[in-house]
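In what follows, a structure is listed as C-alpha cells, so that the remarks can point back to it.
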Amino acid sequence: MFLYLQQATTCLAELNQSLESSILGSMKSFFDAIVKPELLKHEDWDVKLLVATSLCEITRITAPEAPDDVLKDIFQLIVSTFSGLDDTSGPSFGQRVVILETISKYRSCVVMLDLECDDLVNDIFHTFFAAARDDHPESVLSSMQNIMTVLLEETEDVREDLLSIYCLC
C-alpha cells in the first residue's frame, strides 16, 4: 500500500488543473478510496503523510465534493502533519513542507472557515508559532505566514481564543 500511495502522490504532483473528464473520474475514485477512516487515521505516520499529500494535490487540482464530516477529517489530518515542521532534519520534513506550501499557495485553508473548524484553525496558529525556527527555509516561514494571514483576512470575526494564541506567541 505504501508504494502505491507514493506512486499516486508522484503522479498527482505532475498533474495540472485542466484535466480531461476521464482523468477526473479516476481521481474521484482514488479520492473516495483514500478518505476511508482506516487511511485517514492510519497508525503509520508515513502512510498518513502520503494520504495527506495526495489529498492536498487532489484539492489543488479539483475541488472534491465530500460530506462536511469527511472534509473535516481531511483537514484534521492535514493540520496534524504541521506538527512535524519543527524537526527540520527529520525524514518527513520535505513532505510536510510540500503539504504546507500547497495549502498556502492554493488557499485551501479557507475551506476550514466554511466548515467552521475553529479548533483546527486554532491548532494551525498554535502549531505554527511553536514550530517556527530560525533555521527554517524562508519558503516555510512565508507559507506559514500566508496561511495565517489568509485565515485572518477571510474570517468574518476574529474569535477571542484565536487572538489569545496570537498574543501569547
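The values are calculated or read from the model by the stated rules, or taken from the named source; none is laboratory data. Keep in mind that this is a model prediction, so the values were computed, not measured. Heads up, the Cβs are rebuilt from the backbone with ideal geometry, glycines too, and the neighbour counts pull from every protein chain shown.
If you check Leu40, Leu15 for being surrounded by 15 or more Cβ atoms within 10 Å (Cβ to Cβ), farther than 19 Å from Pro67 by Cβ, aliphatic (A, V, I, L, M) and without any contact (Cβ under 8 Å) to a residue 60 or more places away in the chain, only one passes: Leu15.
Can you say whether Asp114 is of a type outside the set (Val, Ile, Thr) and either over 27 Å from Gln17 (Cβ atoms) or buried (at least 17 other Cβ atoms within 10 Å of the Cβ) (or both), as far as the supplied structure shows? Taking the combined requirement at face value, the residue does not satisfy it.
The sole residue among Thr81, Thr88, Thr10 that is touching an Asp or Glu at 6+ places or on another chain (Cβ under 7 Å) and either modelled with pLDDT of 95 or more or not acidic (Asp, Glu) (or both) is Thr88. In segment 131-157, of all residues being hydroxyl-bearing (Ser, Thr, Tyr) and exposed (fewer than 13 other Cβ atoms within 10 Å of the Cβ), the one that is farthest from Asp119 (Cα to Cα) corresponds to Ser139.
Hey, can you tell me all the residues within segment 59-76 that are modelled with pLDDT under 95, surrounded by 18 or more Cβ atoms within 10 Å (Cβ to Cβ) and in contact with a Leu (Cβ under 7 Å, 6 or more places away or on another chain)? Within segment 59-76, Ile61 is the sole residue that qualifies. Within segment 92-104, can one find any residue that is farther than 24 Å from Asp46 by Cα and at pLDDT 90 or above? Checked against the condition, which is being farther than 24 Å from Asp46 by Cα and at pLDDT 90 or above, segment 92-104 yields no hits at all.
Condition check ((1) among the β-branched types (Val, Ile, Thr); (2) surrounded by fewer than 17 Cβ atoms within 10 Å (Cβ to Cβ); (3) touching a strand residue (DSSP E or B) at 6+ places or on another chain (Cβ under 9 Å); (4) not in a helix (DSSP H, G or I)) across all residues:
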| site | (1), (2), (3), (4) |
| --- | --- |
| Ser29 | no, yes, no, no |
| Asp32 | no, yes, no, no |
| Ser54 | no, no, no, no |
| Ile78 | yes, no, no, no |
| Thr81 | yes, no, no, no |
| Thr88 | yes, yes, no, yes |
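Does Ser108 count as touching a Ser or Thr at 6+ places or on another chain (Cβ under 7 Å) and under 25 Å from Asn16 (Cβ atoms)? Yes: the conditions hold for Ser108. Look at (1) touching a Lys or Arg at 6+ places or on another chain (Cβ under 9 Å); (2) crowded, with 17+ Cβ neighbours inside 10 Å; (3) outside any loop (DSSP other than H, G, I, E, B) and you find that Lys105 fails only one, number (2).
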